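Peer 1: Here it is: the structure, laid out below.
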Amino acid sequence: IRFLHYVGLTGKANSVASSNYVSSPNLATVQKKRVIVREASFQDHAKVFELQSRYGLQESYRSWVHLWVENPVLKGLKGWPIGWVIENESEQSVVGYLGNIPQIYEIGREKVIAAASRAWVVDERFRSYSILLLDKFLSQRNAQLCLATTSNSKASPIVEAAGGLPVPVGAWDEADFWITNHREFVAGILAMKRVIFGRYLSYPLGALSRLADSIWAGAFRKSYETAQLTRCAGFDQHFDEFWNEIRIRSPHLLGLRTREILQWHFKEALADGRLWIVAAFRNNRLHAYSIFVRKDSPALQLTRVMLVDFQSLDGDVALLPPMIKWALDKCTQERIHMLEIVGLSDRKRKFIRKLAPHTRRLSSWPYYYKASDKSIAALLTNPSVWDPSMFDGDASL
């Protein structure tokens, strides 16, 4: 059964959030087409949307504009490009696009201006020019730190060749997961594999899968600390108070998590009911929280919830297991197929590995960074500085 689960979730399936669609450029075969590379504007949306729609990446105008117009970070920045496009002059069409999202990180109360890549996509006929968009992104003067957190198997080699470094902690090419609707999970896998009578086979195989996981869960039931947890409908002043304490205590590089930033970052997921926020309070103070986002996988024919962020005041991971248990119960209630966790620091992931019964290999390492500021670059070579999650970059936008 473990083998069935593993095989069913690997292969050509999409990774967690592979918004970058591009193949490796062969500079020796660059076709001499009349193209220009320029900054993108909001007026380009219709052409960008048409290009994205051919590769399954389309965003509505409202969602697209939200990334910048309502972004609190952009209020303090001038001349920030929303991205770049490749324009085919002869056809007057956009044949390439890469978005550029401003973000603020902090390390030791020092602010770091970061840029996150978004939805890198290039028409097949112009793939040789893909590197021009990446060069614009990585060489921009606006950002001290550039993040590419959703690189797929085609984009990763190019980012690395251009000087991008893989984040030095975690195993970002693996995912730990729990099955929360065994029969439907197995049925989806068998359907994807086009197994004859798969729907009928899903009943006995699903029952065996449930039994195997219940044995695993029983062995580690004591690992779940009992805790009083509260589900939050949104982000209130407690999150500002929490962040003010975290930024003083934490030695890590962390993306800004003020109430305003969190509301912007998760606005659409909150509006669509895809966001779960669970918190632990002590003496009416927010002590720890986890954020889960519904991110279904059409390629795998599975419904899925993912942990995108966990933070605690003292850096302790003891509250993570009961929060995961809370999410597992909710997934079961709502008949969601699986709960999945990707990334995180080595310490958090080691803890999760003891609890998660399944692991799958992803198609690529998605998280790369490049620092133009030499002092920041030197700091980031130290793995202990990092505390990454899917909150970073555009992985959960």
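The values are calculated or read from the model by the stated rules, or taken from the named source; none is laboratory data. For clarity, every value in this text was computed on a predicted model and none was experimentally measured. As a convention, Cβ positions derive from the backbone with ideal geometry for all residues, glycine included, and neighbour counts pool all protein chains shown. Remember, those area values only see protein heavy atoms, side chains included, never the ligands or the DNA or RNA. Shrake-Rupley method; radii C 1.70, N 1.55, O 1.52, S 1.80 Å.
Peer 1: For K267 and Q228, FRET efficiency with R0 = 22 Å and r from the beta-carbon atoms, rounded to 0.05?
Peer 2: On the way: r = 28 Å, r/R0 = 1.29.
Taking R0 as 22 Å, the efficiency between Q228 and K267 is 0.20.
Peer 1: So if each residue of separation counts as 0.36 nm, and I subtract the Cα-Cα distance between V385 and K193, what length gain in nm does that give? Could you put the intermediate results ahead of the total?
Peer 2: On the way: separation 192, 0.36 × 192 = 69.12 nm, distance 4.22 nm.
Separation in residues times 0.36 nm, less the Cα-Cα distance, equals 64.9 nm.
Peer 1: Whenever you get a sec, line up V69, V305 from highest to lowest accessible area (probe 1.4 Å, protein heavy atoms). Walk me through the intermediate numbers first.
Peer 2: On the way: V69 95, V305 0 Å².
Result of the area sort, largest leading: V69, V305.
Peer 1: Something else: Quick check for you: with a 1.4 Å probe and neighbouring chains kept, what is the accessible area per residue of the chain, in Å²?
Peer 2: Details: 17720 Å² over 397 residues.
Using a 1.4 Å probe on heavy atoms only, each residue of the chain averages 45 Å².
Peer 1: How large is the charge dipole for segment 120-185, taken about the Cα centre, if only the Cβ atoms of Lys, Arg (+1) and Asp, Glu (-1) carry charge, to the nearest 20 debye?
Peer 2: Values: 6 positive and 8 negative charges, 63 e Å.
My answer is approximately 300 debye.
Peer 1: At 1.4 Å probe size, with the rest of the protein present, what percent of the exposed accessible area of the chain is carbon and sulfur atoms? All intermediate terms of the calculation are to be shown ahead of the outcome.
Peer 2: On the way: 9400 of 17720 Å².
Carbon and sulfur: 53 percent of the exposed surface of the chain.
Peer 1: Name the residues of segment 32-51 whose amide N is less than 14 Å from a point 7 angstrom out from the Cα of S90 along the C-beta direction?
Peer 2: Under cut-off, by backbone N: 32-36.
Peer 1: Which residue, Q58, W84, V69, has the largest displacement toward the positive end of the dipole of segment 47-90 when charges sit on each Cβ (Lys, Arg +1; Asp, Glu -1)?
Peer 2: Among Q58, W84, V69, the one farthest towards the positive end of the dipole of segment 47-90 is V69.
Peer 1: Pop a pseudo-label 7 angstrom from the Cα along the beta-carbon direction at both E110 and S372 and give the gap in nm to one decimal.
Peer 2: It works out to 1.8 nm between the two label points.
Peer 1: Mind checking the dipole of the chain: about its Cα centre, +1 per Lys or Arg Cβ, -1 per Asp or Glu Cβ, Debye to the nearest 20? Walk me through the numbers before you get to the answer.
Peer 2: Numbers: 51 positive and 39 negative charges, 178 e Å.
Magnitude of the dipole: close to 860 debye.
Peer 1: Using only DSSP helix segments of four residues or longer, with each worth -39500 (n - 2.57), what per-residue ellipticity at 222 nm results for the chain after dividing by its residue count and rounding to 500?
Peer 2: Working: 13 runs with 127 residues, N = 397.
Calculated at 222 nm, the ellipticity per residue is -9500 deg cm²/dmol.
Peer 1: Additional query: Of H252, I324, W276, whose Cα points farthest to the positive end of the dipole of the chain (charges on the beta-carbon: +1 Lys, Arg; -1 Asp, Glu; origin at the Cα centre)?
Peer 2: I324
Peer 1: Let me ask something else. Please give, to one decimal in nm, the separation of the simple spin-label points placed at D296 and N283, each 7 Å out from Cα toward the Cβ.
Peer 2: For D296 paired with N283, the spin-label model returns 4.5 nm.
Peer 1: So who's got an amide H within less than 5 Å of the one on W172, skipping anything under 5 residues away but keeping other chains? H placed 1.01 Å off N, in plane.
Peer 2: Sorted by chain and number, the residues that satisfy this come to none at all.
Peer 1: Still on this model: What do you get for trypsin sites (Lys or Arg not before Pro) in segment 307-397 restricted to DSSP loop and a cutoff of at most 14 other Cβ within 10 Å of the site's Cβ? Mind dumping the intermediate values first?
Peer 2: Values: sites: K325, K330, R335, R347, K348, R349, K350, R353, K354, R360, R361, K370, K374; in loops: R335, K354.
Answer by residue number: R335, K354.
Peer 1: Place a +1 charge on the Cβ of each Lys and Arg in segment 74-155 and a -1 charge on the Cβ of each Asp and Glu, then give the dipole magnitude about the Cα centre in debye, rounded to the nearest 20.
Peer 2: Working: 10 positive and 8 negative charges, 81 e Å.
Computed about the Cα centre, the dipole is about 380 debye.
Peer 1: Out of segment 122-210, which trypsin sites (Lys or Arg not before Pro) are coil in DSSP terms and have no more than 13 other C-beta atoms within 10 Å?
Peer 2: On the way: sites: R125, R127, K136, R141, K154, R183, K193, R194, R199, R210; in loops: R141, K154, K193, R194.
Listed in order of number, the matching sites are R141, K193, R194.
Peer 1: Something else about it: Find how much the distance from K78 to R249 grows on full extension, using 0.36 nm per residue of separation minus their present alpha carbon separation; answer in nm with one decimal. Mind dumping the intermediate values first?
Peer 2: Numbers: separation 171, 0.36 × 171 = 61.56 nm, distance 3.07 nm.
Fully extending the segment from K78 to R249 adds 58.5 nm.
Peer 1: Taking a threshold of 28 Å on the Cα-Cα distance, which of the pairs K154/K325; K154/K370; K267/K350 fall above it? All intermediate terms of the calculation are to be shown ahead of the outcome.
Peer 2: Numbers: K154/K325 35 Å; K154/K370 19 Å; K267/K350 31 Å.
Pairs exceeding the cut-off: K154/K325; K267/K350.
Peer 1: Extending each Cα 7 Å along its Cβ direction at E39 and Q140, get the distance between those two points in nm, one decimal.
Peer 2: Here the modelled spin labels are 1.0 nm apart.
Peer 1: Further question: Let me know the Rg and Dmax you get for segment 42-171 when you use only its Cα atoms, in Å.
Peer 2: 15.1, 51
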